[in-house]
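Working notes, beginning with the structure itself.
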Amino acid sequence: MSLSYEDVRNLPLPDLSMNLLRSLGAEPNFNNLIQGFRQRGGYGQPSPPDLEVLLARLSDAWAWLEAHALIGRSSKNPPQGGWCRVTSAGKALREDPKALSKVWADDRLAGELHAALSSARSNFALGDYETASFSAMKAVEVEVRRVAGLSNELIGVPLMRKAFSPKDGILRDPGAEGGEQQAIADLFAGAIGAYKNPASHRTVRFDNAIEAAEVLQLADLLLRVVQRAADRINS
């Protein structure tokens, strides 16, 4: 056990959990972890007065690792013995200095996304954040063109401006006031211009998992707006 009393006492739970993960062997045992921490001072050495609080924090950290599928039950040792294994995800993350950001990024995409984002989500899972971001915004572009019934010659920002024009855009919300209609048109044009077009014209480095996840979330929001427009058109 490489965690100090101060680490266990003071680190935020996610940081404590990742430090615990890095200290574990291939097949850790929760009971051994707790007993080892109890006895770490050696025979005759006083335990810290808040030992039970520290043990509870270790238990919380263990639960955090299980909840994020970084450790799981061992398939080799009897389940009742408390034996676990570091999962494939855990092995990939414990030596990665960006480990926590990847955990938070995965959390952002834990729920359901629009079906059109399945390819983008697959690219994200593979760690190809540039392709995932481009694919997500490409899905928005394709869906806007399809629902608005516009030609293939219109692409990118001009397509968004045409489809959501407050004057005559087929996807505009007639029930919204003019400023809101313009804001929605700007939102779509800005998102496509910022996250789809640059990747079309040059190499863009998307090395931040959280940012890439948020691009997918933004695309999901835009696709839901398009779905509402489609529902209006078809009603």
query = Which of the residues spanning the stretch 33-50 are at pLDDT 90 or above and open to solvent by 50 Å² or more (accessible area, probe 1.4 Å)?
reply = PRO49
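Take the residues of the stretch 146-166 that are of a type in the set (Gly, Ala, Ser) and either touching a Gly at 6+ places or on another chain (Cβ under 6 Å) or crowded, with 18+ Cβ neighbours inside 10 Å (or both): which is farthest from ILE184 (Cα to Cα)?
At the first step, the residues of the stretch 146-166 found to be of a type in the set (Gly, Ala, Ser) are 148-149, 151, 156, 163, 165.
Retained after the next criterion (residues that are either touching a Gly at 6+ places or on another chain (Cβ under 6 Å) or crowded, with 18+ Cβ neighbours inside 10 Å (or both)): 148, 163.
On the way: ALA148: 15, ALA163: 11 Å.
Step by step, filter the stretch 146-166, then rank; the result is ALA148.
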note = Inside the stretch 109-132, the number of residues satisfying the requirement of being within 16 Å of LEU223 (Cβ to Cβ) and outside any helix (DSSP H, G or I) is 5
query = Residue check, ARG94 against (1) without any contact (Cβ under 8 Å) to a residue 60 or more places away in the chain; (2) more than 24 Å from LYS196 (Cβ to Cβ), all met but one. Which one?
reply = (1)
task = Collect the residues in the stretch 66-91 that are under 16 Å from the mean Cα position of the chain (by Cα) and part of a helix (DSSP H, G or I), keeping them in residue-number order.
result = ALA67, ALA89, GLY90
key: Cross-chain or 6+ apart pairs with Cβ under 8 Å, the stretch 25-45 first and more than 23 Å from ARG94 (Cα to Cα), then modelled with pLDDT of 85 or more   = ARG38/LEU51; ARG38/LEU55
message = So, in the stretch 74-101, how many residues would count as being closer than 14 Å to GLY25 by Cα and among the charged types (D, E, K, R)?
response = 4
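Tell me which residues, restricted to the stretch 167-199, are of a type in the set (Lys, Arg), buried (at least 20 other Cβ atoms within 10 Å of the Cβ) and either at pLDDT 95 or above or farther than 13 Å from LYS138 by Cα (or both).
First, pick out the residues of the stretch 167-199 that are of a type in the set (Lys, Arg): 167, 172, 196.
Keeping just the survivors that are buried (at least 20 other Cβ atoms within 10 Å of the Cβ) gives 172, 196.
ARG172, the sole residue that qualifies.
Is one or more of the residues making up the stretch 136-145 open to solvent by 50 Å² or more (accessible area, probe 1.4 Å) and over 30 Å from SER59 (Cβ atoms)? Lay out the reasoning, then the answer.
We begin by selecting, within the stretch 136-145, every residue open to solvent by 50 Å² or more (accessible area, probe 1.4 Å); these are 138, 142.
Going one step further and asking which of them are over 30 Å from SER59 (Cβ atoms), we end up with 138, 142.
So far as the stretch 136-145 goes, yes, one or more of its residues are open to solvent by 50 Å² or more (accessible area, probe 1.4 Å) and over 30 Å from SER59 (Cβ atoms).
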inquiry  = Please verify whether GLU95 is modelled with pLDDT under 90 and open to solvent by 80 Å² or more (accessible area, probe 1.4 Å), treating the condition exactly as stated.
reply    = yes
ask   = Across the stretch 1-18, what is the total count of residues that are outside any loop (DSSP other than H, G, I, E, B) and in contact (Cβ under 8 Å) with a residue 24 or more places away in the chain?
value = 9
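The values are calculated or read from the model by the stated rules, or taken from the named source; none is laboratory data. Keep in mind it's a predicted model, so treat the numbers as computed, not measured. Note that we place each Cβ from the backbone using ideal geometry, even for glycine, and neighbour counts take in every protein chain shown. SASA here: full protein model, heavy atoms, side chains in, ligands and nucleic acids out. Shrake-Rupley method; radii C 1.70, N 1.55, O 1.52, S 1.80 Å.
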